[in-house]
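To keep things clear, I will list the structure first and then write my remarks on it.
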Amino acid sequence: YNHGQVYNPTGSSMVPKQPGHNCPSCFVSPGHYLQGPGLIRSVGRYVSKLLGADKVGIFITPGNARRNGEALDASLAEHGVSAEYVEFLGICSGEEVDRVSELWEHEKLGAVLAVGGGSCNDAGKHVAHNLGVPSVVVSTLAATDAPCSALTILYTPEGGYVGGAVFPQSPNIVIVDTDIVAKAPKRTLVSGLGDAMSTFYEARTCYNNPQALSMLEARPTATAFAIAELCAKSLYQFADDALVAVDEKQPSHALERVVEANTLLSGLGFESGGLAASHAVAQALSWVPSVHAKHQHGEMVAIGLLTMLAMEAQAGMSRAAGDFEEVGRFFAKVGLPVCLDQVHFDPADSQSVETFVSVALDQWFCHNEPFAVDAETIRDALFRADKLGRGIMASEGDSAYRAIHEP
C-alpha cells in the first residue's frame with residue numbers, strides 16, 4: 001500500500017514529490033482515542049464493545065507484561081475476551097513484524113493489541129495490517145507521536161533507520177493510561193516533548209509551501225495545521241508542571257494536556273500536516289552509531305528541529321531565527337539536547353557526517369522546504385545549529401539535561 005498511489009499518483013511519482021493533478025487535502029485519525037488514569041483496567045470493555053472481539057493477540061514488552069499484565073488479563077477476562085501473548089523483542093524491524101505475523105497467522109484474532117512504547121506500538125500496527133484485523137494501541141509512554149498514525153517506522157535488527165510502511169487505516173483504538181505514563185522514566189516524557197514540539201514548525205513549513213505534501217502525500221489541511229499549533233502552545237504552557245507530575249509520579253491536569261499533545265495532537269499534526277527537514281535530520285542521526293546507541297527519537301528530533309530552523313533562517317525565512325531562540329531555550333529548560341555534544345555526535349568525524357548528510361537528503365520530506373536542500377545546505381545548517389545551541393547552553397545552563405542523562 002502507498003498513500004501516494006491513492007491520493008496523489010501523479011505528484012508522488014515526481015522528484016521531489018509534489019502536488020499533482022487533482023491532489024486533495026487529506027486528514028486521517030484513529031477511530032477512538034481514550035486517555036486518562038487507570039484505563040488499563042478498561043481495555044477489555046473497549047475491545048469487546050467497540051470491536052466485538054472475543055479473542056485478541058497481545059504484543060507486549062517484557063516490562064509491561066510484568067507491571068501491567070495482571071490488570072490487562074483481568075480486564076479481558078471480565079468481558080470474555082481470550083488472549084494470545086507474544087513478547088516484543090525490542091526493535092521494530094521487518095523481521096520482528098514477520099515473526100509475529102507468522103505466529104498469529106492462523107489464530108483467527110479479532111484484533112491485535114500493542115502494549116508498550118512507540119516501537120512496540122509501530123510493530124503491532126504492522127502486524128495487525130498483515131493479518132487484516134483491527135489495531136489497538138495501548139501506549140504506556142508519551143515519548144513519541146507514533147500511537148495515532150497509520151504508519152510504522154522500520155529499522156534494521158541493529159537499529160538503523162530503514163524507512164516507513166504506511167497503511168490505509170489508522171489504529172481503530174488508541175488507549176493511553178496516564179497513571180502508567182506518570183510512573184514512567186522522566187526522560188521518556190521529555191523526549192516526547194522534542195518530537196511533539198517539532199510538529200508545529202514542520203506543519204507550518206508544509207502548510208505555507210504550496211509544493212509541499214503531508215505524510216499522506218496529499219496537501220495538508222487547515223485542521224491539521226491548527227492541531228499542530230495547539231500542540232506547541234500546550235507544550236509551552238504545561239510542560240513545566242507536567243514534569244513536576246512525573247517527578248511526583250501522579251497524573252495532573254498539566255500532565256494530561258502534555259500527554260495529549262505528545263500523543264494525539266502531534267500524531268494528527270505530523271501525519272496530516274507534514275514533516276520537513278527536522279525529521280529528515282532526526283532519521284539520519286539514527287544512522288550515527290554513537291547517537292543511536294545513547295539517544296531516543298525525540299532527542300534526535302530536538303536537534304533536527306534546531307537544524308531545520310537554522311536552515312530556514314539562513315534561507316531568509318523571517319521567523320526562523322527568533323523561533324530558534326524560543327525553541328532552544330525551551331529545550332534547555334526541559335532537558336532536551338541543544339548541541340551535538342549532547343547527542344554524542346562528533347562533528348569532526350567526517351565519515352559520520354557524510355553518512356548523516358546522505359541519509360537526510362534521501363528522506364523525501366526533507367524537500368518539503370520551500371527552497372532547494374542539498375548536502376551543503378544540511379551540513380551548514382547542522383554546524384550552525386550546533387554553534388547557536390552551544391550559545392543557548394552557555395546562557396541557560398545544562399542542569400535539566402544532566403539531571404536526566406547523568407542521574
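The values are calculated or read from the model by the stated rules, or taken from the named source; none is laboratory data. Nothing here was measured: the structure is a model prediction, and the numbers come from that model. All Cβ positions, even for glycine, are placed from backbone atoms using ideal geometry, and neighbour counts span all protein chains on display. Only protein heavy atoms, including side chains, enter the accessible area calculation; ligands, DNA and RNA are left aside. Shrake-Rupley method; radii C 1.70, N 1.55, O 1.52, S 1.80 Å.
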**Prompt:** What tally of residues in the stretch 307-317 results from selecting those that are surrounded by 18 or more Cβ atoms within 10 Å (Cβ to Cβ) and not hydrophobic (A, V, I, L, M, F, W, C)?
**Reply:** 2
**Prompt:** If you check 255, 243, 230, which single one turns out to be free of Cβ contacts under 8 Å to residues at least 40 places away in the same chain, out of contact with any Asp or Glu (no Cβ under 6 Å at 6 or more places or on another chain) and of a type in the set (A, V, I, L, M)?
**Reply:** 230
**Prompt:** residue 371 versus (1) among the aromatic types (Phe, Trp, Tyr); (2) touching a Ser or Thr at 6+ places or on another chain (Cβ under 9 Å); (3) touching a residue at least 60 places away in the same chain (Cβ under 8 Å): which is the lone unmet condition?
**Reply:** (3)
**Item:** helices (runs of 4 or more DSSP H) contained entirely in the stretch 37-156, each with at least 1 residues that are more than 24 Å from the chain's Cα centre (by Cα), of a type in the set (Asp, Glu) and surrounded by fewer than 22 Cβ atoms within 10 Å (Cβ to Cβ)
**Value:** 62-78, 94-104
**Request:** Can you work out which of the residues in the stretch 157-171 that are open to solvent by less than 30 Å² (accessible area, probe 1.4 Å) and modelled with pLDDT of 95 or more is nearest to residue 42 (Cα to Cα)?
**Result:** 171
**Out of 353, 357, sole residue that is part of a helix (DSSP H, G or I) and without any contact (Cβ under 8 Å) to a residue 40 or more places away in the chain** = 353
**Asked** In the stretch 220-231, is there at least one residue being farther than 18 Å from residue 318 by Cβ, of a type outside the set (Phe, Trp, Tyr) and not in a helix (DSSP H, G or I)?
**Response** yes
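Select from the stretch 321-332 the residues that are in contact (Cβ under 8 Å) with a residue 40 or more places away in the chain and open to solvent by 50 Å² or more (accessible area, probe 1.4 Å) and write down the one among them that is nearest to residue 241 (Cα to Cα).
In this case the residue turns out to be 329.
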**Complete:** Within the stretch 98-140, restricting to residues that are touching a helix residue (DSSP H, G or I) at 6+ places or on another chain (Cβ under 6 Å) and among the polar types (S, T, N, Q), the one that is nearest to residue 55 (Cα to Cα) is 135
**Fill in**
Counting only residues that are in a loop (DSSP other than H, G, I, E, B) and either in contact with a strand residue (DSSP E or B) (Cβ under 6 Å, 6 or more places away or on another chain) or under 17 Å from residue 282 (Cβ atoms) (or both), the stretch 157-168 contains a total of 3
**Prompt:** Using beta carbons and a limit of 9 Å, which pairs, at least six apart or on different chains, have the first residue in the stretch 97-116 and without any contact (Cβ under 8 Å) to a residue 40 or more places away in the chain and the second one open to solvent by less than 50 Å² (accessible area, probe 1.4 Å) and not aliphatic (A, V, I, L, M)?
**Reply:** 101/126; 103/57
**Message:** Condition (residue is under 14 Å from the mean Cα position of the chain (by Cα) and either within 26 Å of residue 405 (Cα to Cα) or part of a helix (DSSP H, G or I) (or both)) applied to the stretch 169-188: is it met by at least one residue?
**Reply:** yes
**Fill in**
Log entry, pairs with first residue in the stretch 258-276 being under 17 Å from residue 31 (Cα atoms) and open to solvent by less than 10 Å² (accessible area, probe 1.4 Å), second being of a type in the set (S, T, N, Q) and modelled with pLDDT of 95 or more, beta carbons closer than 6 Å, six or more apart or on different chains, reads 266/199; 267/149; 269/199; 271/149; 272/214; 272/221
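Here's the yes/no breakdown for (1) among the polar types (S, T, N, Q); (2) more than 30 Å from residue 152 (Cβ to Cβ); (3) assigned to a helix (DSSP H, G or I); (4) more than 19 Å from the chain's Cα centre (by Cα):
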{"site": "238", "(1), (2), (3), (4)": "no, no, yes, yes"}
{"site": "281", "(1), (2), (3), (4)": "no, no, yes, no"}
{"site": "287", "(1), (2), (3), (4)": "no, no, no, no"}
{"site": "300", "(1), (2), (3), (4)": "no, no, yes, no"}
**Asked** Restricting the search to the stretch 95-112, which residues are of a type in the set (Lys, Arg) and either closer than 22 Å to residue 163 by Cβ or in contact with a Pro (Cβ under 6 Å, 6 or more places away or on another chain) (or both)?
**Response** 99
**Asked** For residue 215, all conditions in the list (1) under 27 Å from residue 113 (Cβ atoms); (2) outside any helix (DSSP H, G or I); (3) open to solvent by less than 10 Å² (accessible area, probe 1.4 Å) hold save one; what is the number of the exception?
**Response** (3)
**Complete:** Being open to solvent by less than 10 Å² (accessible area, probe 1.4 Å), at pLDDT 95 or above and at positive phi narrows 335, 304, 298, 389 down to just 335
**Request:** Examine the stretch 227-247 for a residue that is β-branched (Val, Ile, Thr), in contact with a helix residue (DSSP H, G or I) (Cβ under 7 Å, 6 or more places away or on another chain), closer than 26 Å to residue 16 by Cα and open to solvent by 10 Å² or more (accessible area, probe 1.4 Å), and state whether such a residue exists.
**Result:** no
